[in-house]
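Values in this text are rule-based calculations from the coordinates and carry no lab data. Predicted model only: the values in this text are computed from it and were never measured. Cβ placement follows ideal geometry from the backbone for every residue including glycine, while neighbour counts extend to all protein chains displayed.
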């Protein structure tokens, strides 16, 4: 299972894409 | 505790650097009282001057060079476009022998031996008449101290290199890598002190104007506010404090931004060596480390002003922490790598490479 910090990094990665979309 | 701190080698190096810097700051050769005369009007301004002017317009610029320790100095004058005549404390200096008097990229250098006979005391007044050949007109002037200031800069470079190498030695680095750090730091300082920021540069005045805008307005400009404002803002925002600080200390505002580039290029050197150390060893490591230390692009960014150097630094940090994630499966390394990649994209659009890399590393590390 992914660790907590890994999940945080995936969420951040997603946020980067959201930021780029704007 | 105090004894331990005072006996610490890095601490002693930093004290040495600060002492040398204090001398440089006190004895530095400054350009002051810059006045632009256009027709009947005289306006107090600062360097570099670059104004909209008519083609063929004649204008005058006067300035004072203060030299508190009466050091020897050469004067690099970069006219835009042609320097027609020059007076030093009222005495005419013929310019016809200077082939660079119409060179708006490198300009020409007045050697110490030319100006010394006309200088009296610590303050010297220079007045130039210039002619604009087209486009904007203006001037930039760089006094370059010789002898004493060079020696101080060399001492600072060596002390910084030794302090960083000593930090790495604590982490049991190989002696060749320690040599690479001392030598690499020295080379970068040499580039920094020998080259003006206009060398190997693209649109550098635009980059400076962008940083100045952020320092003045404490806001990010709209894309059409200046001619390089379409670039993403991270580099310019981070560089703004260095511009303000160098202005407060009385250095040319560009010097602080260059120093920021120098710091980034040293960071790239050390992070790159750290990564290479993890990837290869033996003879391959020696070859790789030597190439990384003297790689021309990475050396050339030391005196430059522009967002490339910050992109390079963030990319190397991203690569290093992504690699750590794959190796040790520590999620916090991946968080750091993602943050670096995000900053890299908003530093320079080439940062998409870092983002792609992070995605690959996240997948590879997880699987």
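Key figures
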item: Relative contact order %, the range B:266-367, counting alpha carbon pairs below 8 Å whose residues are six or more apart; result: 25
item: Along principal axes, Cα extents of the range B:25-116, largest first, whole Å; result: 40, 30, 25
item: Reference-scaled alpha-carbon Rg (2.2 N^0.38 Å with N residues) for the range B:26-179; result: 1.34
item: Exposure proxy order (Cβ contacts within 10 Å, fewest to most) of B:191, B:310; result: B:191, B:310
item: Calculated on alpha-carbon atoms, Rg and Dmax of the protein assembly as shown in Å; result: 24.1, 81
item: Residue B:87 paired with residue B:245, simple spin-label distance in nm, labels 7 Å along Cα-to-beta-carbon; result: 4.2
item: Alpha-carbon gyration tensor eigenvalues x 5, square-rooted, for the range B:157-265, Å; result: 32, 14, 13
item: Radius, Kirkwood style, for the range B:267-306 when every pair of distinct Cα atoms is counted (Å); result: 10.7
item: Packing rank of A:10-18, B:64-72, B:40-48, where each peptide gets the mean count of other beta carbons within 10 Å, highest leading; result: B:64-72, A:10-18, B:40-48
item: Kirkwood Rh (inverse of mean 1/r, distinct Cα pairs), the range B:186-247, angstrom; result: 12.7
item: Cα centroid separation - the range B:298-339 against the range B:256-280, whole Å; result: 9
item: Sorted by Cβ neighbour density within 10 Å, fewest at the top, the residues B:23, B:311; result: B:23, B:311
item: Percent of alpha-carbon pairs separated by more than 23 Å within the range B:219-332; result: 43
item: Stokes-Einstein diffusion coefficient of chain B, Kirkwood radius over Cα pairs, 25 °C, 0.890 mPa s, in µm²/s; result: 108
item: Most mobile listed residue (B:28, B:212, B:55) in chain B, GNM with C-alpha springs under 10 Å; result: B:55
item: Convex hull volume of the range B:66-155 per residue (C-alpha atoms, cubic angstrom); result: 103
item: 0 to 90° range, to nearest 10: angle between helix B:175-194 axis and chain B longest Cα axis; result: 20
item: Per-residue mean of C-beta atoms belonging to partner chains within 10 Å, peptide A:12-18; result: 5
item: Coarse-grained scattering of the range B:1-70 at q = 0.24 Å⁻¹, given as base-10 log I(q)/I(0) from a Debye sum over alpha-carbon atoms; result: -1.03
item: Within chain B, helix-based [θ] at 222 nm, where runs of 4 or more DSSP H residues each add -39,500 (n - 2.57), nearest 500; result: -17500 deg cm²/dmol
item: Sequence of B:323, B:352 once ranked by neighbouring C-beta atoms within 10 Å, starting from the fewest; result: B:352, B:323
item: Cα Rg, Dmax, the range B:124-213, angstrom units; result: 19.4, 60
item: Centre separation in Å (Cα based) which lies between the range B:24-97 and the range B:185-252; result: 22
item: Pairwise FRET efficiency - residue B:179 versus residue B:364, Cβ, R0 = 35 Å, nearest 0.05; result: 0.55
item: Taking N as its residue count, the alpha carbon Rg of the range B:269-360 over 2.2 N^0.38 Å; result: 1.11
item: Cβ neighbours within 10 Å from other chains - mean over B:329-337; result: 5
